[in-house]
Structure formats: C-alpha cells, structure tokens
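Read-outs: derived from the displayed coordinates by stated rules, not from any lab. This is a predicted model, so every value here is computed, not measured.
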Amino acid sequence: MDQRAKQEAQTHAQMADDVLRKSEIVENSARGIIEKLVEGEFHSVLRITSKAGTVRANHYHKRDSHLCYLVRGKIEYVYRDALDERAPLQRMIIEPGQLFYSPPMVAHAMVFLEDSEFYCFTTSPRHTQKDYEDDVVRVTLVPSS
C-alpha cells in the first residue's frame, strides 16, 4: 500500500471513529436509568421524522456540526470528506439508541431504511431557513428517489 493509500485509510478510519459517539449511564437504579446523551453548547434541538425509503441531507456544512440521537427506526449513514470528491463513500448503519456526529466539511446523507425519528443537536444558530441554507453546500452522495 503506498503512502497516499495509507493516509486515506487512516483518514477514513478516523472519520468512522468520529461518527459514532457513546452516551454515559449516569444512574441505573430501581427508579430507572438516567443517560447523558450529549454535553456541549447547542443552538437548536430538532426532532426529525422520516419515512422508510427516503433520503435526507446530501450536503455538508461549512461551519455547523450536529450530533443526532436515533430514537426509532434505522438509518444508513453515508459520508466522505467534502473536499475530496474522489474519496470513497463510507457507510454505516445507525440503530436506535445510537448517537452519530456530522462535523463541518464532511459530506453526508441519510437513507432511512425504516420509518425513523431522531433528535438533532446543532452547534450553529438556525434562526431562519436562510441561516441554515447559507451554511449548507448541496452534494449528491445518494440519489433521491
């Protein structure tokens, strides 16, 4: 494997490690469980539902990042470095109870394999749709049906 291929493999492995995040069980008692999903400074929390067979995202953010928590359903999360259109697409399946992270400058798409519901915690304000659109660059990683 040449040096460039090794670097690409390391970059993609690091990106995969960065996508999935772990929650922390703070309390597990007879009363139930308290689980810390996220900690940080967030501007918006979005509840998003999607129908099986649909595609969302197909974009990257210049500045914003978001951390998402899948409540129900199943997602195929597809991503690559936004600045390298030749980079191979990475794919992973997101299951209920998993947290997944989309940093700036990582192109991503979500294919909903089942009817799904997730919460998205954003790091940039989204006061208006224009705020959101100013930060987004559209790409096609997965064709929409």
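Here are some notes:
- Estimated 222 nm signal from helices in the chain, with DSSP H stretches of n ≥ 4 weighted -39500 (n - 2.57), rounded to 500: -5000 deg cm²/dmol
- Computed extension gain for Arg31 through Glu95, at 0.36 nm per residue and net of the alpha carbon distance, reaches 20.5 nm.
- Against the chain, whose longest principal axis is taken from its Cα atoms, helix 3-19 shows a tilt of about 20°.
- Cα gyration tensor category, rounded, prolate or oblate, for the range 85-145 with a/c compared to 1.5: oblate
- Close Lys pairs in the chain, defined as Cα atoms under 25 Å apart and 8 or more places apart or on different chains, number 6.
- Added length on full extension, which subtracts the Cα-Cα distance from 0.36 nm per residue, Glu41 to Lys62: 5.8 nm
- Set against the labelled values [x] 14.9, 43; [y] 16.1, 55; [z] 21.5, 70, Rg and Dmax of the Cα atoms in Å computed from this structure falls on [y].
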